[in-house]
Amino acid sequence: MKILAASLFFVFSFAITECNQTPCYTDREVTKKIESVKLTCTSTGDLTLLEDKETGSRYSVCNASDYALKDSTEYIISGIVYKVKPNERWPGTPFEITKLKN
């Protein structure tokens with residue numbers, strides 16, 4: 001019974017990942033927070049984009065290195081959306097993941 005409980009804890013602890021670090025951006029206004037939205041990783045490496053297939057919104061992830069995101073994979077993600085400054089061009093809206101569920 002203890003082995004079963006320990007194995008279930010192990011499996012579920014890796015299914016949900018939370019990151020409680022300092023914010024990626026301290027000089028940007030938070031425009032909104034999203035909770036449990038299905039997003040698809042559309043690229044990885046130096047630039048990680050997440051796309052909401054329903055709305056067409058794209059997010060440029062600032063803390064992607066904290067997570068093992070895979071290209072063309074869907075995730076349930078919560079996070080913080082930051083404002084794009086008027087003089088900037090981004091491939092997606094600046095975004096910080098706060099919670100990720102596979």
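Looking only at the stretch 26-38, which residues are surrounded by 14 or more Cβ atoms within 10 Å (Cβ to Cβ) and either basic (Lys, Arg) or in contact with a Phe, Trp or Tyr (Cβ under 6 Å, 6 or more places away or on another chain) (or both)?
Arg28
Restricting the search to the stretch 48-73, which residues are within 11 Å of the chain's Cα centre (by Cα), more than 19 Å from Tyr25 (Cα to Cα) and at pLDDT 95 or above?
Matches in the stretch 48-73: Glu51 only.
For residues that are surrounded by fewer than 18 Cβ atoms within 10 Å (Cβ to Cβ) and either among the small types (Gly, Ala, Ser) or in a loop (DSSP other than H, G, I, E, B) (or both), tally how many sit in the stretch 64-102.
The qualifying residues number 18.
The values are calculated or read from the model by the stated rules, or taken from the named source; none is laboratory data. What you are looking at is a predicted structure, and each value in this text was computed from that prediction instead of being measured. Cβ sites come from the backbone with ideal geometry, for glycine too, and all protein chains shown count toward neighbours.
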